[in-house]
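Report on the structure given below.
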Amino acid sequence: MKFFTRVDTDLPAGSLFDLLANFSRSERALAACGAMLRRIDPAAEPGTGAGWTVTFTWRGRPRFLRLRVARLVRPSQLVLAGGSDQFDLRVAMTVMALGRERSRLLCETVVCPLTMRARLLVQMARLARADLDRGHDRRIADYVAHLRAAYAPRSPCRCASRRGSAGYTPSISSDDVK
């Protein structure tokens with residue numbers, strides 16, 4: 001079963017890819033969603049061969065997934081491959097430059113059943129294909145929005161951008177005090 005999503009963003013292509021390849025940020029984002037990750041290859045540099053064991057709860061049962069980086073081609077392609085006892089999974093993310101300050105993320109997820117029970121589950125999921133496609137699109141768009149928020153440039157003077165908030169104290173002259 002294949003899912004395909006295309007998301008346009010106002011990030012430069014190189015920056016979007018760097019955010020995608022920042023595995024420590026992705027690990028924290030997944031941990032915030034309730035997944036438990038254990039790094040298989042704790043290499044400092046992201047690259048082919050890095051991997052994780054992911055544990056999460058889905059439909060009330062704990063699920064286990066093993067992922068590894070199958071391909072990392074800077075600055076355009078990141079492919080994750082892995083699986084569980086019932087499914088093989090492949091996620092291919094490709095970054096395309098649309099302009100100097102715009103890019104597009106193409107995300108293709110392929111789920112292949114390994115057992116008869118998994119085949120039946122995939123067959124039943126095809127009946128709800130539209131809902132699954134919308135959910136996949138929404139999650140990828142949310143992930144890109146999360147990456148976009150992480151890329152947002154910071155103002156050099158924090159108090160100048162937040163007038164009247166706790167970080168800004170207006171100056172008081174002697175003429176103001178009566």
Selection within the range 53-73 - of a type outside the set (Lys, Arg), closer than 24 Å to residue 85 by Cβ and modelled with pLDDT of 85 or more: 53, 54, 55, 62, 64, 65, 67, 69, 70
Cβ-Cβ under 8 Å pairs, at least 6 apart or on other chains, the range 50-71 side in contact (Cβ under 8 Å) with a residue 12 or more places away in the chain and more than 19 Å from residue 17 (Cβ to Cβ), far side assigned to a strand (DSSP E or B) and among the hydroxyl-bearing types (Ser, Thr, Tyr): 63/55; 63/57; 64/53; 64/55; 65/53; 65/55; 66/53
Residue ID - nearest to residue 14 (Cα to Cα), chosen from residues in the range 49-91 that are within 18 Å of the chain's Cα centre (by Cα) and not in a strand (DSSP E or B): 75
Breaking point among (1) more than 18 Å from residue 111 (Cα to Cα); (2) assigned to a loop (DSSP other than H, G, I, E, B), for residue 29: (2)
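Just give me the residues in the range 100-134 being part of a helix (DSSP H, G or I), under 14 Å from residue 3 (Cβ atoms) and touching a Phe, Trp or Tyr at 6+ places or on another chain (Cβ under 9 Å), in sequence order.
122, 132, 133
The values are calculated or read from the model by the stated rules, or taken from the named source; none is laboratory data. Predicted model only: the values in this text are computed from it and were never measured. Heads up, the Cβs are rebuilt from the backbone with ideal geometry, glycines too, and the neighbour counts pull from every protein chain shown.
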